[in-house]
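In what follows, a single structure is set out as structure tokens and then discussed.
The values are calculated or read from the model by the stated rules, or taken from the named source; none is laboratory data. All values derive from a computational prediction rather than experimental measurement. Counting neighbours? That spans all protein chains shown, and the Cβs are built from the backbone with ideal geometry, glycine included. Heavy atoms of the whole protein, side chains included, go into the accessibility calculation; ligands, DNA and RNA do not. Shrake-Rupley method; radii C 1.70, N 1.55, O 1.52, S 1.80 Å.
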Amino acid sequence: PPEGGYKQTAESKAQKLKDDKATSQPIRELDMVLTRLCASVPVDIMPGASDPSGVFLPQQPFHHCLLPSANTYSTFRTVTNPYAFRPGSVEDGS
């Protein structure tokens, strides 16, 4: 390995792959739940304090590649935090 570097072993590569899969599983499950919801109702999703978004306000919307299946629906919107809306109203987002 390079001086001061780290040579990744087959075991550490396998462990990293396993960790990455375990980390991304909840996001994939959320994507599937949101996809089912978006098939019948409008859904706006806003990042919270412990979500993978910036720490400065306004927090930016989740990137579209994070929830790819839900993003195929026009009824799905990722929004900033804070976010202004009127409960009970449905707007087209334009």
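A few comments on the model shown:
- Once the chain from ALA14 to ASP44 is taken as fully extended at 0.36 nm per residue, the excess over their C-alpha distance is 7.1 nm.
- Per residue solvent-accessible surface (Å²) - the chain, probe of 1.4 Å: 78 Å²
- Counted charge near ARG36, where neighbours are those whose Cβ lies closer than 14 Å (Asp, Glu -1; Lys, Arg +1): -1
- From the coordinates shown, Rg/Rh (Cα atoms, Kirkwood Rh) corresponds to which of (1) 1.15; (2) 0.97; (3) 1.01: (1)
- Dipole moment magnitude, nearest 20 debye, the chain about Cα centre, only Lys, Arg, Asp, Glu C-beta charged: 200 debye
- Heavy atoms of GLU11 accessible to a 1.4 Å probe, total area in Å² rounded to 10: 130 Å²
- The portion of the accessible surface of the chain made up by carbon and sulfur, rounded to a whole percent, is 61 (1.4 Å probe; DNA, RNA and ligands excluded).
- Distance between the pseudo-spin-label points of PHE56 and SER74 (7 Å out from Cα toward the beta carbon): 3.5 nm.
- Probe 1.4 Å, all protein chains present, accessible-area order of CYS65, CYS38, largest first: CYS65, CYS38
- Per-residue SASA entry for ASP20, accessible area with 1.4 Å probe, Å² rounded to 10: 80 Å²
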